[in-house]
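Trainee: What follows is a single structure, and I will ask about it in a moment.
The values are calculated or read from the model by the stated rules, or taken from the named source; none is laboratory data. Given the structure is predicted, the values throughout are model-derived calculations rather than measurements. Note: ideal-geometry Cβ built from the backbone for every residue, glycine included; neighbour counts use all protein chains shown.
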Amino acid sequence: MKGKVSITALTVGLMNLTMLIVPALAQYNVTLRLVGPDEEILCEINMNDVDNMTLAVPEPLYIMIINQWGTDTFIAPVNLTLPTMPPLTLQAISVPPGWTVTFEPLTVPDLNGDYAVDVFDLVEIAGAITVNPGSWDNYNMLLDLNFDLTIDIFDLAKVAKQIEIP
Ligand SMILES: [Ca+2]
Ligand SMILES: [Ca+2]
């Protein structure tokens, strides 16, 4: 019985804590998509429970966004038709709507976010290389470092160039 009381007290305590935290951090479920000219989804990235955020994207994609719209900050839902050939659409949708994303150029290819550029980042790209030319299976726009719409040795080379040898 005594244990039950203290669990309830703990639950109430946690609920109070949650109520304090939630209003400060609005959380969004976000879907980022790269959509082809026939509405086909070429790449879809889902992020759950994210705050308004900065998202590092391959540098050529960042430059495309800045040149086209003159800003790097957008509020979802948004559809950005990129000046690629063929024209592709970068789509950001959030639940609830209103997620703010600020794109930034990915100049340091720390793809697994461990604050170092090393062989593990090469592995991230190697895992996304597809053996079928022209196939969009596995395509992840955030790993396409030269943003030529395919993941291959040239993206690996961009990481390899920045690996620091101790
Ligand atoms: Ca890393
Ligand atoms: Ca590429």
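Trainee: Among the candidates Pro96, Pro87, which residue alone is away from ligand 2 (no atom under 15 Å from the Cβ), touching a strand residue (DSSP E or B) at 6+ places or on another chain (Cβ under 6 Å) and in contact (Cβ under 8 Å) with a residue 24 or more places away in the chain?
Mentor: Unique residue meeting the criteria: Pro87.
Trainee: Taking Leu42 as the residue in question, decide whether it is buried (at least 18 other Cβ atoms within 10 Å of the Cβ) and within 30 Å of Ser135 (Cβ to Cβ).
Mentor: Criteria not met by Leu42.
Trainee: I'm checking my understanding of the structure. Among residues of the stretch 121-131 that are of a type in the set (A, V, I, L, M) and in a loop (DSSP other than H, G, I, E, B), which one is farthest from Val57 (Cα to Cα)?
Mentor: Kept after step one, since they are of a type in the set (A, V, I, L, M), are these residues of the stretch 121-131: 122-123, 125-126, 128-129, 131.
Filter once more, so that each one left must be in a loop (DSSP other than H, G, I, E, B): 128-129, 131.
Values: Ala128: 16, Ile129: 18, Val131: 24 Å.
Applying the filter and picking the extreme gives Val131.
Trainee: Also, I was wondering about something else. Pick out the one residue from Asn146, Asn79 that is away from ligand 1 (no atom under 16 Å from the Cβ) and under 25 Å from Asp49 (Cα atoms).
Mentor: Asn79 is the lone residue from the list that is away from ligand 1 (no atom under 16 Å from the Cβ) and under 25 Å from Asp49 (Cα atoms).
Trainee: Right, another one. Tell me, please, whether a residue that is at pLDDT 95 or above, of a type in the set (A, V, I, L, M) and out of contact with any helix residue (DSSP H, G or I) (no Cβ under 9 Å at 6 or more places or on another chain) can be found in the stretch 13-30.
Mentor: yes
Trainee: Hey, another quick one. Can you tell me which residues in the stretch 32-55 are of a type in the set (A, V, I, L, M) and either under 12 Å from Leu82 (Cβ atoms) or in contact with a Pro (Cβ under 7 Å, 6 or more places away or on another chain) (or both)?
Mentor: Leu34, Val35, Leu42
Trainee: For Met141, are the conditions met, namely being touching a residue at least 12 places away in the same chain (Cβ under 8 Å), under 20 Å from Gln68 (Cβ atoms) and more than 16 Å from ligand 1 (Cβ to nearest atom)?
Mentor: Answer is yes for this residue.
Trainee: Could you go through the stretch 102-120 and let me know if any residue there is within 16 Å of ligand 2 (Cβ to nearest atom), in contact (Cβ under 8 Å) with a residue 12 or more places away in the chain, within 22 Å of Thr73 (Cα to Cα) and outside any loop (DSSP other than H, G, I, E, B).
Mentor: Scanning the stretch 102-120 turns up at least one residue that is within 16 Å of ligand 2 (Cβ to nearest atom), in contact (Cβ under 8 Å) with a residue 12 or more places away in the chain, within 22 Å of Thr73 (Cα to Cα) and outside any loop (DSSP other than H, G, I, E, B).
Trainee: Scanning the stretch 132-166 for residues that are among the β-branched types (Val, Ile, Thr), more than 21 Å from the chain's Cα centre (by Cα) and not in a helix (DSSP H, G or I), which turns out surrounded by the most Cβ atoms within 10 Å (Cβ to Cβ)?
Mentor: Across the stretch 132-166, the extreme among qualifying residues is Ile163.
Trainee: So which of Val50, Val78 is among the aliphatic types (A, V, I, L, M), over 23 Å from Gly113 (Cα atoms) and surrounded by fewer than 18 Cβ atoms within 10 Å (Cβ to Cβ)?
Mentor: After applying the criteria, what remains is Val78.
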